[in-house]
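The numbers here are math on the coordinates, done by the rules we state, and not lab data. Everything quoted here is computed from the prediction, not taken from an experiment. Here the Cβ positions follow ideal geometry from the backbone for every residue, glycine too, while neighbour counts run over all protein chains shown.
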Amino acid sequence: MTCSKLEDVSQVYHPVYSANDVTLLKIPCEEVRCLKDSLLRRRAGIKRPHLVFADPPYNLGVDYGKGKVADMVADEDFSQVLWEWISAAVIFLKPNGVLAWMISEQYADVVSYVLERTTTMEKVQHIIWHETFHTYHERTFPTAHRHIFIYHKKAAGELMTWNPDAIRVPSARQLKYKDKRANARGRVPGSVWTISRTCGTFKARVNWHPTQLPVALLERLVLAFSNTGDTIADMFCGSGTMGLAALPHGRRFVGFEINDDYLRECALMFYRFYHTKEV
Ligand SMILES: C[S@@+](CC[C@H](N)C(=O)[O-])C[C@H]1O[C@@H](n2cnc3c(N)ncnc32)[C@H](O)[C@@H]1O
């Protein structure tokens, strides 16, 4: 995708939903690089984000509306696609912003390789999400984690947003050992986050999207790496989890997605969020 014919592609960037602090755009995330252009951003009614989150398809044969085979391409092809997606996110991200890229075990090395070679980005952390759910393997230990690579887009003289006090959790000293020396404000979580996935039986689980993330997981990213009033973008909006994590904390949300059904459901969900405070 080139951005040379901005006038031609500008139609694509008309939001399918825009109200309060939410904008949903139907746009393949590889084209998000074009939104670096301020004219297109103004037309779309969005700002460059302080935090970009991405939870792409993992090439594991999940049906996102185009059949399972669409999510089962050759390894080399998917690696190339990942490279394009990551590049688009990096270009769109505001200088001094943070990128959080989630990926499964199979492609973690590709994402890490690409980000390490992206000169504008500096590694902050490699988070392991222990999702308390095991993918069965016949001849080895079941997989129960995903990777989140956190990178900072360097900007001369500026410090990355980092709010440790917003994400503290009760410590073992407080809960287990009743140690008087414990910090009463709790501790900053380590790099392994044990947070339950959104199981099929949970009230929060939607029936219109196959891979909904838990809000608690994304809320920690929002609180740690952004401030009130900041814009947060999700390159693969899906069921809109990032919006639900960001909006209650006073952040603006921009979601990119290519599936019309998911976009429609998300729009309804965010409408309900603002009008009934229920989703
Ligand atoms: C793993 S899911 C994201 C789930 C999301 N994090 C959630 O909590 O619901 C990936 C999403 O990316 C969408 N998608 C696939 N290819 C895309 C592309 N090129 N650009 C934007 N979205 C895409 C799919 O329709 C799917 O909803």
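Annotation for region 26-114: trypsin sites (Lys or Arg not before Pro) lying in DSSP loop with at most 15 further Cβ atoms inside 10 Å of their Cβ are Lys66. For the pair region 28-43 and region 61-124, the centres of their Cα atoms are 18 angstrom apart. With contacts taken as Cα pairs under 8 Å and at least 6 residues apart, region 86-172 reaches a relative contact order of 38 percent. Residues His134, His50, arranged from fewest to most other Cβ atoms within 10 angstrom of their Cβ, appear as His134, His50. Its relative contact order, with pairs defined as Cα atoms under 8 Å and 6+ residues apart, puts the chain at 22 percent.
Across the options Cys29, Ala74, His50, the greatest Cα extent toward the positive end of the charge dipole of region 22-135 (unit charges at beta carbon of Lys, Arg, Asp, Glu) belongs to His50. Between Lys154 and Val188, the modelled label-to-label distance comes to 2.1 nm, taking each label 7 Å out from Cα in the direction of the beta carbon. Take every Cα pair under 8 Å whose residues are at least 6 apart in sequence, average their separation, divide by the length of region 136-279, and the relative contact order is 17 percent.
A simple charge model with +1 on the Cβ of Lys and Arg, -1 on the Cβ of Asp and Glu and nothing else charged puts the dipole of region 45-158 at about 540 debye relative to its Cα centre. Between Thr241, Pro214, Val188, the Cα set farthest toward the positive side of the dipole of region 159-279 (charges on each charged residue's Cβ, about the Cα centre) is that of Val188. Among the trypsin sites (Lys or Arg not before Pro) found in region 203-239, those both in a DSSP coil and sparsely packed, with 10 or fewer other Cβ atoms within 10 Å of their Cβ, are Lys203.
The trypsin sites (Lys or Arg not before Pro) of region 139-171 that DSSP puts in a loop, and whose beta carbon has at most 11 other beta carbons within 10 Å, are Arg139. The convex hull defined by the C-alpha atoms of region 133-279 has an orientation-averaged projected area of 13.1 nm².
Once you divide the Cα radius of gyration of the chain by 2.2 N^0.38 Å, the number left is 1.01. The charge dipole of the chain, taken about its Cα centre with unit charges on the Cβ atoms of Lys, Arg (+1), Asp and Glu (-1) only, comes to about 1460 debye. Taking the helices alone, the chain has a mean residue ellipticity at 222 nm of -7500 deg cm²/dmol, built from -39,500 (n - 2.57) per DSSP H run of at least 4 residues and averaged over all its residues. Neighbour counts of C-beta atoms inside 10 Å place Tyr151, Tyr107 in the sequence Tyr107, Tyr151, starting with the fewest. Spin-label model, Thr276/Thr120: points 7 Å from Cα along the beta carbon direction are separated by 4.2 nm.
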